[in-house]
Amino acid sequence: MRLELTQRTDLAVRALFVLAQRPDRTKAQDLADELASTATYLPQVMGPLVAAGWVDSAPGPQGGYRLIGDLDRITVLQLVEVSEGPTDTGQCVLVDRACLAEGPCVLHEPWSRARSALLDELASVPLSSVPFPTSASPKGLSVSPESRSTS
C-alpha cells in the first residue's frame, strides 16, 4: 500500500468539485484550463470517473463532461481506488513478494491493523464533506479559507 496519491487523484477530486458546481456540460478544454492541466491529459483523469458512473462524457462540439454522481455517495476511498487502483495489492511492505498469512513478515500484523484503520476512515468520508479545493500547488491541494471548518 502506497501512502501517497498522484496528480491524477488531485485532478480527479478537483474535477468532481468543479463539475458539481455546474449544471451543464463543461467542455474538456475549459475543464483542463480550470484544473491547470491539458486537454490531452484530461481523458486519463476523467476516463475512470466516467467508468465509475460518476461523470457523463459526450463527444463533439456540444459535448463535454457533466457530473451525474452524488458527492454525498462517493467516498474518499472510492475516489482513491478509482483514480489510483486497488489499495490492497497483497505485496509485503518489507520485501518484494506477496505477503501471505502463513509465513508473514515481521510487520504484517501491525501494518494490517494500521491499513485497515486508514481504509475504514477513508471509506467513511464522503467527498461532499471534504473542503472544496481551490487550486493545486507543488505541495498539494490548497483549500479556500471559507471552506475550512472551524471546529
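The values are calculated or read from the model by the stated rules, or taken from the named source; none is laboratory data. Treat the numbers as computed from the prediction; the structure is a model and nothing was measured. Heads up, the Cβs are rebuilt from the backbone with ideal geometry, glycines too, and the neighbour counts pull from every protein chain shown.
Restricting the search to the range 62-79, which residues are touching a Lys or Arg at 6+ places or on another chain (Cβ under 9 Å) and not aromatic (Phe, Trp, Tyr)?
Initial filter on the range 62-79 (touching a Lys or Arg at 6+ places or on another chain (Cβ under 9 Å)): 62-67.
Passing the criteria: GLN62, GLY63, GLY64, ARG66, LEU67.
Across the range 97-117, the qualifying residues are those that are under 28 Å from ASP10 (Cα atoms) and charged (D, E, K, R), and the one among them that is surrounded by the most Cβ atoms within 10 Å (Cβ to Cβ) is ARG115. Which residue, of ASP56, ASP70, is of a type in the set (D, E, K, R) and buried (at least 16 other Cβ atoms within 10 Å of the Cβ)? When all the criteria are applied, what remains is ASP56. Checking each residue of the range 79-86 against the condition of being charged (D, E, K, R), without any contact (Cβ under 8 Å) to a residue 24 or more places away in the chain and surrounded by 11 or more Cβ atoms within 10 Å (Cβ to Cβ) gives at least one match.
What about VAL93, is it modelled with pLDDT of 95 or more and either at negative phi or surrounded by 13 or more Cβ atoms within 10 Å (Cβ to Cβ) (or both)?
Numbers: modelled with pLDDT of 95 or more: no; either at negative phi or surrounded by 13 or more Cβ atoms within 10 Å (Cβ to Cβ) (or both): yes.
No, not satisfied.
With the structure loaded, tell me whether ARG8 is under 30 Å from PRO110 (Cα atoms), basic (Lys, Arg) and at pLDDT below 95 or whether it fails that test.
Numbers: under 30 Å from PRO110 (Cα atoms): yes; basic (Lys, Arg): yes; at pLDDT below 95: yes.
For ARG8, the condition - under 30 Å from PRO110 (Cα atoms), basic (Lys, Arg) and at pLDDT below 95 - is met.
Just to be sure, is GLY60 touching a Gly at 6+ places or on another chain (Cβ under 8 Å) and either assigned to a loop (DSSP other than H, G, I, E, B) or within 20 Å of VAL130 (Cα to Cα) (or both)? Here the answer is no, as GLY60 does not meet what is asked.
Cβ-Cβ contacts under 6 Å between residues 6 or more apart (or on different chains), taken from a first residue in the range 27-46 that is within 17 Å of PRO59 (Cβ to Cβ) to a second residue that is of a type in the set (A, V, I, L, M, F, W, C) and in a loop (DSSP other than H, G, I, E, B), are listed as ALA28/ALA39; GLN29/ALA39; ALA32/ALA39. Inspect the range 10-24 for any residue being outside any loop (DSSP other than H, G, I, E, B), over 29 Å from ARG115 (Cβ atoms) and over 16 Å from the mean Cα position of the chain (by Cα) and give the result as yes or no. No, the range 10-24 has no match at all.
Within the range 11-53, if we keep just the residues that are basic (Lys, Arg) and more than 30 Å from THR89 (Cα to Cα), the residue that is modelled with the lowest pLDDT turns out to be ARG22. VAL125 falls short on exactly one of the conditions (1) touching a helix residue (DSSP H, G or I) at 6+ places or on another chain (Cβ under 6 Å); (2) modelled with pLDDT under 90; (3) over 19 Å from ARG8 (Cα atoms), and that condition is (2).
If you go through the range 30-51 and keep only what is in contact with a Ser or Thr (Cβ under 9 Å, 6 or more places away or on another chain) and assigned to a helix (DSSP H, G or I), you end up with LEU31, ALA32, GLU34, PRO43, VAL45, MET46, GLY47, PRO48, LEU49, VAL50.
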